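Encoded as structure tokens, the structure appears first; notes follow it.
Computed from the coordinates by the stated procedures, all read-outs in this text should not be read as laboratory data. Computed from a prediction, not measured in an experiment: that's the story for all the values here. Reconstructed Cβ throughout: ideal geometry from the backbone, glycine too, with neighbour counts over all protein chains shown.
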């Protein structure tokens, strides 16, 4: 039963992170280069080639690079950190 609860929580956290990333993509004031990077990350997140935790860990690493972009508006950076927080809660 505990395993099912963990899996459900992981899937919910993944969905929330993807929703946050999609919100950033759909915001008109997000720079195109950042939109492109995040779009690629979302595409990788939804592929079920790897486990949820592996996809989350890879995305966290790549988002860390994205947040270092000096052209990124501060509110976008904050939203990315929210997505990272959700992804960090995913455990195997």
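Mind giving me the nanometre distance, one decimal, between the label points for residue 64 and residue 6, set 7 Å out from Cα along Cα→Cβ?
2.3 nm
Determine, for 23, 52, the number of other Cβ atoms within 10 Å of each Cβ, and report the residues in order from fewest to most.
In order of increasing Cβ crowding within 10 Å: 23, 52.
To check my understanding: the extent here is largest minus smallest coordinate of the Cα atoms along each principal axis. What are those three numbers for the chain, in Å, largest first?
For the chain, the Cα extents along the three principal axes come out at 45, 23, 20 Å.
Taking only DSSP H segments of four or more residues, each worth -39500 (n - 2.57), what value at 222 nm results for the chain once the sum is divided by all its residues, to the nearest 500 deg cm²/dmol?
So the calculated ellipticity at 222 nm is -25500 deg cm²/dmol.
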